[in-house]
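One structure is given below, encoded as structure tokens.
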Amino acid sequence: MVNTSHFTVADNTNSHYQTPTNTYNFVNRQSNELLVTIGDSWTWGNDLEDRLKSVYGELVSDHFNCDWLNLSLPGTGNFFITHLAEQLGTIELNYDKVRVICTFTEIGRSTNSQDDIDFDYNNWYLQNFTEYKDLYKLLYSMNRSCVNRIVTALPDYQVVFGSNMVEPLGFEDKNHIEKSWTQLMSEKQGFAYSDYCYGIGHGISHLERIKNLIPITDTDYKKWMVELLDGATKRIDVVSNSNFFKNLHPLKHGHRIWADACIKVLNNT
């Protein structure tokens with residue numbers, strides 16, 4: 001049994017919720033094993049008609065017949081996902097086995113906020129930046145920082161990483177799903193798949209704050225942003241015009257596809 005009150009809830013400092021709201025769920029199957037899914041609105045199950053029966057965390061936990069804790073907050077970013085994983089690591093859980101699936105979202109959500117306060121942008125700039133293309137390395141470093149923190153916080157748990165609407169980045173030597181959730185859906189369901197993408201909505205708009213954190217020129221910043229926006233536009237066009245999504249969220253069969261991918265990796269690690 002896990003008490004969801006242990007975790008930071010949504011409020012107007014970390015989300016679009018104006019009053020404190022607990023978006024987390026716990027399903028008790030009287031098991032000695034636990035599945036934890038951590039993510040944003042895709043992990044929460046936005047736009048599913050029967051959310052708690054159709055969302056991928058339910059499908060994976062049903063497969064393993066284990067208890068399930070869904071730590072998901074619509075609109076959140078990877079640094080907050082990391083924060084939740086670190087909170088999980090401070091709790092004494094009475095389970096023989098704990099599996100954790102961290103499904104990352106757009107890189108850059110909540111840039112220059114309380115969520116990414118531990119990431120040293122200036123130090124990264126001093127050590128890595130020579131031209132605007134290096135800003136892609138910044139995206140890698142941001143995700144990699146989150147991955148390393150999560151692995152450090154959960155040393156005794158089986159942790160799997162994945163990415164929902166954007167390309168996986170920073171997972172390469174960890175247990176992970178090699179293709180994004182969107183790409184797996186495109187291969188299974190036959191809709192087009194766009195070029196590489198690392199941000200769409202909040203991710204792109206929040207990444208604009210980078211220019212306030214490191215001393216890049218307007219020219220370098222604009223070149224990079226044009227490329228990011230091109231990838232975002234193509235990805236939004238794909239997702240918006242597919243019958244397998246609603247309001248940029250996967251529907252029931254999409255959750256089945258991601259659940260199967262999660263189960264496969266969990267069984268092979």
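The values are calculated or read from the model by the stated rules, or taken from the named source; none is laboratory data. These numbers come from a predicted model, not from an experiment. Note: ideal-geometry Cβ built from the backbone for every residue, glycine included; neighbour counts use all protein chains shown.
The set of residues in the stretch 207-238 being of a type in the set (Val, Ile, Thr) and at pLDDT 90 or above consists of Ile210, Ile214, Ile216, Thr217, Thr219, Val226, Thr233, Ile236. Residues of the stretch 119-132 that are outside any helix (DSSP H, G or I) and either in contact (Cβ under 8 Å) with a residue 24 or more places away in the chain or small (Gly, Ala, Ser) (or both): Phe119, Phe129, Glu131.
The single condition among (1) assigned to a loop (DSSP other than H, G, I, E, B); (2) more than 12 Å from the chain's Cα centre (by Cα); (3) crowded, with 19+ Cβ neighbours inside 10 Å that Ile91 does not satisfy is (3).
Taking every residue in the stretch 89-112 that is modelled with pLDDT under 95 and pairing it with any residue that is in a loop (DSSP other than H, G, I, E, B) and surrounded by fewer than 19 Cβ atoms within 10 Å (Cβ to Cβ), at least 6 positions away or on another chain, the pairs with Cβ-Cβ distances below 6 Å are Asn112/Leu213. Cβ-Cβ distances below 6 Å connect the following pairs, each with a first residue in the stretch 174-203 that is among the aromatic types (Phe, Trp, Tyr), a second residue that is in a loop (DSSP other than H, G, I, E, B), and a separation of six or more residues or different chains: Trp181/Asn164; Phe191/Ser242; Tyr196/Glu167; Tyr198/Ile107; Tyr198/Val166. Restrict the check to the stretch 193-206 and report whether at least one residue is within 20 Å of the chain's Cα centre (by Cα), modelled with pLDDT under 95 and of a type in the set (D, E, K, R). Checking the stretch 193-206: at least one residue is within 20 Å of the chain's Cα centre (by Cα), modelled with pLDDT under 95 and of a type in the set (D, E, K, R). Among the residues of the stretch 176-221, those that are touching a Lys or Arg at 6+ places or on another chain (Cβ under 7 Å), surrounded by fewer than 21 Cβ atoms within 10 Å (Cβ to Cβ) and in a loop (DSSP other than H, G, I, E, B) comprise Ser194, Asp195.
Quick one: which of Leu139, Leu135 is of a type outside the set (S, T, N, Q), in a helix (DSSP H, G or I) and either closer than 21 Å to Ile38 by Cβ or free of Cβ contacts under 8 Å to residues at least 40 places away in the same chain (or both)?
Going through Leu139, Leu135 in turn, the sole match is Leu139.
I'm checking my understanding of the structure. Among residues of the stretch 239-269 that are of a type in the set (A, V, I, L, M, F, W, C), modelled with pLDDT of 95 or more and part of a helix (DSSP H, G or I), which one is surrounded by the most Cβ atoms within 10 Å (Cβ to Cβ)? Across the stretch 239-269, the extreme among qualifying residues is Trp258.
Just one residue in the set Tyr198, Tyr193 is out of contact with any Ser or Thr (no Cβ under 6 Å at 6 or more places or on another chain), closer than 27 Å to Ile38 by Cβ and among the hydroxyl-bearing types (Ser, Thr, Tyr); that residue is Tyr198.
Results for (1) in contact with a Pro (Cβ under 9 Å, 6 or more places away or on another chain); (2) part of a helix (DSSP H, G or I), shown as yes or no for each residue.
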residue	(1), (2)
Phe26	no, no
Asn46	yes, no
Leu71	no, no
Ala85	no, yes
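So, Gly170, is that one closer than 23 Å to Leu88 by Cβ, assigned to a strand (DSSP E or B) and out of contact with any Cys (no Cβ under 6 Å at 6 or more places or on another chain) or not? Judged against the criteria, Gly170 is not a match. One residue alone among Tyr157, Tyr136 is surrounded by 17 or more Cβ atoms within 10 Å (Cβ to Cβ) and of a type in the set (Phe, Trp, Tyr), and that residue is Tyr157.
Among all residues of the stretch 100-110, there is at least one that is of a type in the set (A, V, I, L, M, F, W, C), within 16 Å of Gly39 (Cβ to Cβ) and part of a loop (DSSP other than H, G, I, E, B).
Condition check for Leu59 on (1) buried (at least 24 other Cβ atoms within 10 Å of the Cβ); (2) part of a helix (DSSP H, G or I); (3) of a type in the set (A, V, I, L, M, F, W, C): one failure, at (1).
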